[in-house]
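Chemist: The structure under discussion is supplied below as structure tokens; questions concerning it will follow.
The values are calculated or read from the model by the stated rules, or taken from the named source; none is laboratory data. These figures come from a predicted structure and were not determined experimentally. Methodologically, a virtual Cβ is constructed for each residue, glycine included, from the backbone with ideal geometry; neighbour enumeration extends over all protein chains shown. With ligands, DNA and RNA removed, areas are computed over all heavy atoms of the protein, side chains included. Shrake-Rupley method; radii C 1.70, N 1.55, O 1.52, S 1.80 Å.
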Amino acid sequence: MKEQITIQIKDKQYPLYLTIGDLRMLERGIGHSVLSIMSGNTVDDAVSYIMTDELVELIRWGIHDDKHGKRTDDECYDFLQAYCDSGHNYDEATALFIRAVWNTGLFVPLPGLKPKNARMAEQKK
């Protein structure tokens, strides 16, 4: 873990960060590499490609409280709903969790790597 993020939902704060073990379990849960999500150069690049199932696993393994790794899918959906009900939106939630992945310090943009959206734009031409 390089840097912790604090998520505020109403009067409760949740520590958000990812360890190597969390990343391993996240990859098992989503069925592919975290690197496939992080192949862009910025948080915004990654946010545009994350799916709800990936966000559920990020909530399950990224929130370090008494339910760390034990939240059911429904509890993860409830967490996301509570976050949105507290004045935020889905994109903001996704950006926070992607930032937690970047904050591990394990993923850095590779020189010459194009974000997926740039590659897709080139393919459409």
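Chemist: Residue check: is Thr42 open to solvent by 20 Å² or more (accessible area, probe 1.4 Å) and either within 12 Å of the chain's Cα centre (by Cα) or at pLDDT 90 or above (or both)?
Modeler: The answer is no for Thr42.
Chemist: Another one. Test Lys116 against the stated conditions and say whether it is more than 14 Å from Ile7 (Cβ to Cβ), at pLDDT below 90 and surrounded by fewer than 20 Cβ atoms within 10 Å (Cβ to Cβ).
Modeler: Answer is yes for this residue.
Chemist: Mind listing whichever residues of region 80-103 are touching a residue at least 60 places away in the same chain (Cβ under 8 Å), under 16 Å from Glu54 (Cβ atoms) and touching a strand residue (DSSP E or B) at 6+ places or on another chain (Cβ under 9 Å)?
Modeler: Tyr83, Leu96, Phe97, Arg99, Ala100
Chemist: Another one. Give region 46-70 a look and list any residue that's at pLDDT below 95, open to solvent by 10 Å² or more (accessible area, probe 1.4 Å) and either closer than 17 Å to Gly21 by Cβ or of a type in the set (Ser, Thr, Tyr) (or both), or say none.
Modeler: Passing the criteria: Ser48, Tyr49, Thr52, Glu57.
Chemist: Restricting to region 84-104, name every residue that is closer than 19 Å to Leu18 by Cα and surrounded by 15 or more Cβ atoms within 10 Å (Cβ to Cβ).
Modeler: The answer is Ala93, Thr94, Ala95, Leu96, Phe97, Ile98, Arg99, Ala100, Val101, Trp102, Asn103, Thr104.
Chemist: Looking only at residues that are farther than 15 Å from Asp66 by Cα and exposed (fewer than 13 other Cβ atoms within 10 Å of the Cβ) in region 9-23, which one is farthest from the chain's Cα centre (by Cα)?
Modeler: Asp11
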